[in-house]
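First the structure, in the form of structure tokens, and then the observations on it.
The values are calculated or read from the model by the stated rules, or taken from the named source; none is laboratory data. Small disclaimer: the values here were computed from a predicted structure and weren't measured. FYI the Cβ positions are ideal-geometry reconstructions off the backbone, even for glycines, and counts take in every protein chain you see.
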Amino acid sequence: MKSVTAVINLSALVGNINQIKSWVPQSKIVAVVKANAYGHGLITVAKALDPHVDAFAVARLPEAMELRAAGIDKQVVLLEGFLNDEDVAVISEQGFITAIHDMEQIDAIERSNISKPINGWLKIDIGMHRLGASRDEVAAMKARLEASTKVVQPIGLISHLSVADTPNMEDYNQEQIAYFNEIAQGFSGEKCLANSAGIYSWPQSHTHYVRPGIIMYGISPYDDKTGPDLGLKPVMTLKSSIIALRKLKKGDRVGYGATWTAPRDTILGIVAAGYGDGYPRTMPNGSPVLINNRLVPTAGRVCMDMLFVDLGPDSTDKIGDEAILWGDGLPVERIASLCGTIPYELVCRIMPRVNTEVLN
Ligand SMILES: *Cc1c(COP(=O)(O)O)cnc(C)c1O
């Protein structure tokens, strides 16, 4: 019997990439594999994607180094740029592409004594106000980068949409795309704008490169749709087993704080999965778990290592039966909305002790 296991379906991953390519036939794919490939396993995912994508993107330098150490020699984009002067030499040696989002980074590049110029994509802020050159900084940063002998010419341009997944913010989204395209006129290098929601909903945001993250993993970026609604297949299925069964009498109280009381005689299943694995403690009573092809409700508080399900008085479920927490047959989008978060957070939060099983 297995405790919590994240089953990673690589043929679903490749199927999703092919689906994405059919949506962006003119663009190259930068596969976003930051945060351990959204909890799916950085190296497993990157190796499976390697033959199908043009480049990878991560947030930070150590993630890019992990890819190199595993033998991935494709282009890797550093979405957050770099944090320290020493990083410039590493980026130069490894040939990474770094986002350059403020003047201080240009100073650091100029101070360095690299002999091999670095690949830089100027990051501009088009409305998120997180990273990137503001409207009045773009020209000066561009001019400095274009004059630099330490940066590969022509430089690239990158930005990020803040409301591409928010249907009632259409105007603000269009404004951001239009501004990016206006600035892009002055750049002959590579351009990269669309995230998953840009790819799916906004063809005007498809530049040379697109950056799919969540949709590669078969998950929807929209609140009101699931991956399968978009023609995608979930890559991760998180499952565990029933490790104990108990007969409850009507009125018996369950779990820490006794927050659930049996409304009738019933059979309670104890599933080996809890918040110590990444199943949120904030899941309310009655959240669905898929057991023997039916959805059964959770009962009582989620513990660190276990949770309870009300299997019903007629249950014939056995110890060792599989319990699917999300994935195939139970969209993680639904689980996320029940606990007030987004699926991105749930898959990222898988804890290190969770087993991995890779399906080819
Ligand atoms: C995480 C991230 C992405 C991918 O976003 P998805 O919504 O998962 O497609 C793209 N670009 C940047 C800058 C990011 O930080």
**OP:** Determine which member of the set T237, T261, T266 is more than 16 Å from the ligand (Cβ to nearest atom), at pLDDT 95 or above and in contact with a Pro (Cβ under 6 Å, 6 or more places away or on another chain).
**Re:** T266
Original post:
Looking only at the range 243-261, which residues are surrounded by fewer than 18 Cβ atoms within 10 Å (Cβ to Cβ) and among the small types (G, A, S)?
Top reply: A244, G251, G257, A258
Original post:
Would you pick out the residues in the range 17-43 that are within 12 Å of the ligand (Cβ to nearest atom) and part of a helix (DSSP H, G or I)?
Top reply: I20, K34, A35, A37, Y38
**OP:** Return only the number of the condition from (1) buried (at least 24 other Cβ atoms within 10 Å of the Cβ); (2) under 18 Å from the mean Cα position of the chain (by Cα); (3) not assigned by TED's automatic domain parsing to the domain that holds A37 that G231 does not satisfy.
**Re:** (1)
Original post:
Just checking, how many residues over the range 28-50 are farther than 16 Å from I214 by Cα and out of contact with any helix residue (DSSP H, G or I) (no Cβ under 8 Å at 6 or more places or on another chain)?
Top reply: 3
**OP:** Report yes if V58 is within 12 Å of the ligand (Cβ to nearest atom) and either more than 30 Å from K318 (Cβ to Cβ) or touching a helix residue (DSSP H, G or I) at 6+ places or on another chain (Cβ under 7 Å) (or both), otherwise no.
**Re:** yes
Original post:
Filter the range 79-115 for residues that are out of contact with any strand residue (DSSP E or B) (no Cβ under 8 Å at 6 or more places or on another chain) and hydroxyl-bearing (S, T, Y); which is surrounded by the most Cβ atoms within 10 Å (Cβ to Cβ)?
Top reply: S112
Original post:
Any chance the range 187-205 includes a residue that's farther than 23 Å from Q75 by Cβ, touching a helix residue (DSSP H, G or I) at 6+ places or on another chain (Cβ under 6 Å), in a helix (DSSP H, G or I) and within 16 Å of the ligand (Cβ to nearest atom)?
Top reply: no
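The rows are residues; the columns are (1) touching a Gly at 6+ places or on another chain (Cβ under 9 Å); (2) part of a helix (DSSP H, G or I); (3) at pLDDT below 95.
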site	(1), (2), (3)
N119	yes, no, no
L122	yes, no, no
M128	no, no, no
M141	no, yes, no
N168	no, yes, yes
Q174	no, yes, no
I177	yes, yes, no
Original post:
Of these, P212, P280, which one is in a loop (DSSP other than H, G, I, E, B) and in the same structural domain as L161 (by TED's automatic domain parsing)?
Top reply: P212
Subject >> Criterion violated by I118 - all others in (1) more than 26 Å from M216 (Cα to Cα); (2) surrounded by fewer than 16 Cβ atoms within 10 Å (Cβ to Cβ); (3) touching a strand residue (DSSP E or B) at 6+ places or on another chain (Cβ under 8 Å) satisfied >> reply: (2)
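Which residues, taken from the range 147-171, are away from the ligand (no atom under 16 Å from the Cβ) and either touching a residue at least 40 places away in the same chain (Cβ under 8 Å) or buried (at least 16 other Cβ atoms within 10 Å of the Cβ) (or both)? Talk me through it step by step, then tell me what you get.
Here is the first cut: in the range 147-171, the ones away from the ligand (no atom under 16 Å from the Cβ) are 147-155, 168, 170-171.
Those that are away from the ligand (no atom under 16 Å from the Cβ) and either touching a residue at least 40 places away in the same chain (Cβ under 8 Å) or buried (at least 16 other Cβ atoms within 10 Å of the Cβ) (or both): S148, K150, V151, V152, I155.
Check the range 131-142 and report whether any residue there is within 16 Å of the ligand (Cβ to nearest atom) and either surrounded by fewer than 16 Cβ atoms within 10 Å (Cβ to Cβ) or not assigned by TED's automatic domain parsing to the domain that holds S188 (or both). I'd like the intermediate steps shown before the answer.
Just the residues of the range 131-142 that are within 16 Å of the ligand (Cβ to nearest atom), to begin with: 131-133.
If we keep only those that are either surrounded by fewer than 16 Cβ atoms within 10 Å (Cβ to Cβ) or not assigned by TED's automatic domain parsing to the domain that holds S188 (or both) too, we end up with none.
Within the range 131-142, not a single residue is within 16 Å of the ligand (Cβ to nearest atom) and either surrounded by fewer than 16 Cβ atoms within 10 Å (Cβ to Cβ) or not assigned by TED's automatic domain parsing to the domain that holds S188 (or both).
Go through the range 116-145 and give me each residue that's of a type in the set (S, T, N, Q) and more than 22 Å from G95 (Cα to Cα). Please lay out each step first, then the result.
Keep residues of the range 116-145 that are of a type in the set (S, T, N, Q), which gives 119, 134.
Selection gives S134 alone.
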Original post:
Given V152, V76, which one is in contact with a strand residue (DSSP E or B) (Cβ under 7 Å, 6 or more places away or on another chain), farther than 20 Å from V32 by Cα, aliphatic (A, V, I, L, M) and in the same structural domain as S201 (by TED's automatic domain parsing)?
Top reply: V152
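Matching residues to (1) among the charged types (D, E, K, R); (2) closer than 23 Å to I97 by Cβ; (3) at pLDDT below 95:
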position	(1), (2), (3)
M1	no, no, yes
A12	no, no, no
V24	no, yes, no
S27	no, yes, no
G39	no, no, no
A46	no, yes, no
A55	no, yes, no
P62	no, yes, no
R68	yes, yes, no
Subject >> Residue list for the range 217-233, filter: β-branched (V, I, T) and farther than 14 Å from V347 by Cα >> reply: T226
Original post:
In the range 104-127, what residues are over 14 Å from L157 (Cβ atoms) and without any contact (Cβ under 8 Å) to a residue 40 or more places away in the chain?
Top reply: E104, Q105, D107, A108, R111, S112, N113, I114, S115, K116, P117, I118
